[in-house]
Amino acid sequence: MDNTIKHDFEPKIIAFVCTWCTYAGADLAGTSRMQYPANVRVLKFPCTGRIDPVFILKAFQQGADGVLVSGCHPGDCHYIAGNFHARRRFAAFRKLLEFIGVDLNRLQFSWVSAAEGGKWVEVVTDLTEKVRTMGPMVEFKELALEEQWSGAIDTPELREAYDAI
Amino acid sequence: MSRIGVFICHCGENISRTVDVERVAAEIGKLSGVAFATDYKYMCSDPGQNLLKKAIQEQKLTHVVVAACSPRMHEKTFRKAVEAAGLNPFLCEMANIREHCSWVHENREEATVKAIDIVGMMVERVKKNRILPTITVPVTKRSLVIGGGIAGIQAALDIADCGHEVILVEREPSIGGHMAQLSETFPTLDCSQCIMTPKMVDVANHPKIKLYTYSEVELVEGYIGNFQVTIKKKARSVDEDKCTGCGVCMTKCPQKKIPNKFDQNIGMRTAIYVPFPQAVPNTPVIDRDNFTWFKTGKCGVCKKVCGPGAVDFEQQDTLVVEAVGAIVVATGFDLYSIDEKPKGSPIKGYGEFGHGKIPDVIDGMTFERLASASGPTGGKILRPSDGKEPKQIVFIQCVGSRAREKGISYCSKVCCMYTAKHTMLYHHKVHDGQAYVFFMDARTPGKSYDEFWRRSIEEEEAVYIRGMVSRLYQKGDKIVVMGSDIAVGVQVEIEADMVVLATAVQPQKGADLLAQKLGISYDKYHFYSEAHAKLRPVECATAGIYLAGACQGPKDIPETVSQASAAAAKVMTLFSKDKLEREPIVARVREAGCVGCFACKKVCAYGAIEEKEIRDRQGNLIKAVAYVNPGVCAGCGTCQATCPSKCVELDGYTDEQIIAMIEAL
């Protein structure tokens, strides 16, 4: 049976989740046979506290159009307080992303517990649809191209300038 | 060069229905480093596992990825199989293509593409996996129990009966706790002392229990299996070894008017005392604050009359260090005092109830002492003010509890039942008296509890009024209780002879300080937090520390005893092995790069990170670096994400592994 609607653009969503709450919540969505867009790729961490903001930057660089970070609800952390550290870290990190010009709608933080299969489906679906309407994230890809361009001397002008040094 | 084996499971049709498993195997087979890729109907079955083991040996595989269900389901199964085939189990990873793919997507093309991505990601990850040896820690098979109430006594007896040594520390001069103070217990009306004191004696006589009364835990160092605990033995001023417990000192002591805390300050005791006649140990203590010799250097009668010469005014506090492998915390509760607004607390007092000002307004525990046959009145219900028998008595429920506006929102759990018991005890002792109870709801979950409560109304004639009391005031020798009956919708005024307040159950004073010494977490009321509210209700998040009784939350006696036995069972599980094995998912510090900022130490919720000094051969300090104690580390990885110089690494979740996964996308 194939009743999915074809879209022009399929966004790439990367989800960073903690193993105790959100990963288990996503497992529950599976066991309950709930359906959601296939755009999301899940990376499992022991705790949201382990998630380095660098991973989010890296994900955008690698062509992710949207990033989801999700863990245990505040106060429910398996590791006592890891999600509080994550929350503080990402509050600051969002400011930085905003400063460098990333549309914050592409980055979603949420709390999904092991019992919230439905919420996982909701969060993933919402983010996918939101990012789909926003279109591809080009800024980081352009930046990556620019880096490549400046790294390799592949034009006669550059070669000339380089040799002159 | 790695030789990775990839095994794609059909899971019957659960995966293969929506994912083209053959195509996944073919695509993954093309990836660099993959030496072998196949699909099979049931990987977790015996033939499936044998296929895996055979392939590891025949293909000389170095790493394994099993693409099947969630790792929460079968990671252990496959890691075991891999280990049996001679590989380190941590070189095996699972790719979740069932719960996260085939079950949640219907489009076969989309699901197959996603499955290829998921497996590809895990292939890149597994390349960076390292051999992780299982961590083993030695276990000291002795345990510490903090608190000598019914919880601590039960835990200590259970552990000691299993043959392991127990150190029982109690702050007061005698064990027994609050249960020893109770008159009778609901719902059977057993005499509390009758069921409690034999257990106390068992503790005293048990060859495996070392009892420290009048002592406190001063310092806790170490980690699961290897704690070093410093205990302060407060100066008793009586030599425990010499004292025979004859009690002559107490009968001769001229100071007889000191309020006895055990009797809720309505009974009196001497300056050299045991808190109650059945005290264990039966060795008196000198209350130095009220002792004439310590104030004026005179008296000393007790010393003169003591036959064995046990009284020793020169005794000092001493510190004892004990090595233990597990700790059971059973510090219990205290009743909320409504005398005044507690200082520095968010809890607002109950000045309108006049407790502490009107002498005949007492709390539930004081009523227990009045009703107790061994209490200050010999079991007669008498007013503290004039010693008359109260003919009208009012009980007020939920004083402090379930009162968000007053600062405590939880239910104290035992008050409904003990008030029902109080009305019965009162009716048994004062036949012509009348008991009234102001209540919000009667909460009686528990075996035979509701029947007991109903009996208090139907047979023992207690009048229950649904509604709260707004004010109490003294009028002559009566106390006027102003309240409302919301069932009828009228204001009620009762002229009572005595009022008993069911004050909230709170953790012991100083519970937060002890928690800080132990490194365990507590909630805003200072109740200790269990590791998981449902599945790990007796363990702390800190490994090797267990909870029993009301220190974790309000509890009645049966629940406390159950939890204490459960905690003891957990301790015995820990002690069943000589060495403790644990998953090697722990953080490690790259010392060369560590600058010693200790940002990691600040964020570690487990206190697993210590400062370590690096010295040269001459012993000069080069630098201080962080060191992660693998016995304590829980493996959350918060330190790694925090480290500004990227010098802490969580094994199993290294930056290298994560970046490899992201780059695979």
> Does B:Lys114 meet the test of being among the basic types (Lys, Arg), crowded, with 16+ Cβ neighbours inside 10 Å and within 20 Å of B:Arg17 (Cα to Cα)?
Replying inline: yes
> Of the residues that sit in the range B:359-389 and are over 20 Å from B:Gln193 (Cβ atoms) and small (Gly, Ala, Ser), which one is nearest to the chain's Cα centre (by Cα)?
Replying inline: B:Ser385
>> Could you tell me how many of the residues in the range B:135-154 are under 18 Å from B:Gln552 (Cβ atoms) and in a strand (DSSP E or B)?
In response: 4
> Applying the selection to the range B:462-517, what residues are more than 39 Å from the chain's Cα centre (by Cα), closer than 17 Å to B:Lys391 by Cα and open to solvent by 30 Å² or more (accessible area, probe 1.4 Å)?
Replying inline: B:Gln474, B:Lys475, B:Gly476, B:Asp477, B:Lys478, B:Glu493, B:Glu495
>> Among the numbered criteria (1) over 30 Å from A:His73 (Cβ atoms); (2) polar (S, T, N, Q); (3) modelled with pLDDT of 95 or more, which one does B:Thr503 miss?
In response: (3)
>> If a residue must be over 11 Å from B:Val65 (Cβ atoms) and either in contact with a helix residue (DSSP H, G or I) (Cβ under 6 Å, 6 or more places away or on another chain) or open to solvent by 40 Å² or more (accessible area, probe 1.4 Å) (or both), how many such residues does the range B:3-23 contain?
In response: 12
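Residues are listed down the side, and each one gets a yes or a no for (1) open to solvent by less than 10 Å² (accessible area, probe 1.4 Å); (2) touching a residue at least 24 places away in the same chain (Cβ under 8 Å); (3) more than 14 Å from chain A (Cβ to nearest Cβ); (4) under 30 Å from B:Ala330 (Cβ atoms):
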position	(1), (2), (3), (4)
B:Thr62	no, yes, yes, no
B:Ala85	no, yes, yes, no
B:Ile118	no, yes, no, no
B:Met122	no, yes, no, no
B:Ile135	no, yes, yes, yes
B:Leu168	yes, yes, yes, yes
> Taking the range A:49-62 as the search range and keeping residues that are open to solvent by 10 Å² or more (accessible area, probe 1.4 Å) and more than 19 Å from A:Arg88 (Cβ to Cβ), which one is modelled with the highest pLDDT?
Replying inline: A:Lys58
> For the range B:251-264, which residues satisfy the criterion of being crowded, with 17+ Cβ neighbours inside 10 Å and at negative phi?
Replying inline: B:Cys253, B:Gln255, B:Ile258, B:Asn260, B:Phe262, B:Asp263
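For every residue, the table says whether it meets (1) of a type in the set (A, V, I, L, M, F, W, C); (2) open to solvent by 10 Å² or more (accessible area, probe 1.4 Å); (3) in contact with a Pro (Cβ under 9 Å, 6 or more places away or on another chain); (4) assigned to a loop (DSSP other than H, G, I, E, B).
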| residue | (1), (2), (3), (4) |
| --- | --- |
| B:Asn129 | no, yes, no, yes |
| B:Ala156 | yes, no, no, no |
| B:Gly177 | no, yes, no, yes |
| B:Thr188 | no, yes, no, yes |
| B:Lys199 | no, yes, no, no |
| B:Val203 | yes, no, no, no |
> So is B:Thr77 more than 10 Å from chain A (Cβ to nearest Cβ) and touching a residue at least 60 places away in the same chain (Cβ under 8 Å) or not?
Replying inline: no
>> So B:Ile381 passes all but one of these: (1) out of contact with any helix residue (DSSP H, G or I) (no Cβ under 6 Å at 6 or more places or on another chain); (2) buried (at least 19 other Cβ atoms within 10 Å of the Cβ); (3) among the β-branched types (Val, Ile, Thr). Which condition number does it fail?
In response: (1)
> Do we have any residue at all in the range A:15-25 that's in contact with a helix residue (DSSP H, G or I) (Cβ under 7 Å, 6 or more places away or on another chain) and open to solvent by 30 Å² or more (accessible area, probe 1.4 Å)?
Replying inline: no
>> Filter the range B:88-107 down to the residues that are under 21 Å from B:Ala37 (Cβ atoms) and at the interface with another protein chain (Cβ under 7 Å from one of its Cβ atoms) and list them by number.
In response: B:Arg98, B:His100
>> Out of the residues in the range B:532-544 meeting the condition of being hydrophobic (A, V, I, L, M, F, W, C) and surrounded by fewer than 21 Cβ atoms within 10 Å (Cβ to Cβ), tell me which one is farthest from the other protein chains (Cβ to nearest Cβ).
In response: B:Leu535
> Given (1) part of a loop (DSSP other than H, G, I, E, B); (2) in contact with a helix residue (DSSP H, G or I) (Cβ under 7 Å, 6 or more places away or on another chain); (3) touching a residue at least 40 places away in the same chain (Cβ under 8 Å), where does B:Lys298 come up short, assuming only one miss?
Replying inline: (3)
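The values are calculated or read from the model by the stated rules, or taken from the named source; none is laboratory data. Since the model is a prediction, treat every value here as computed from it, not as a measurement. Heads up, the Cβs are rebuilt from the backbone with ideal geometry, glycines too, and the neighbour counts pull from every protein chain shown. Remember, those area values only see protein heavy atoms, side chains included, never the ligands or the DNA or RNA. Shrake-Rupley method; radii C 1.70, N 1.55, O 1.52, S 1.80 Å.
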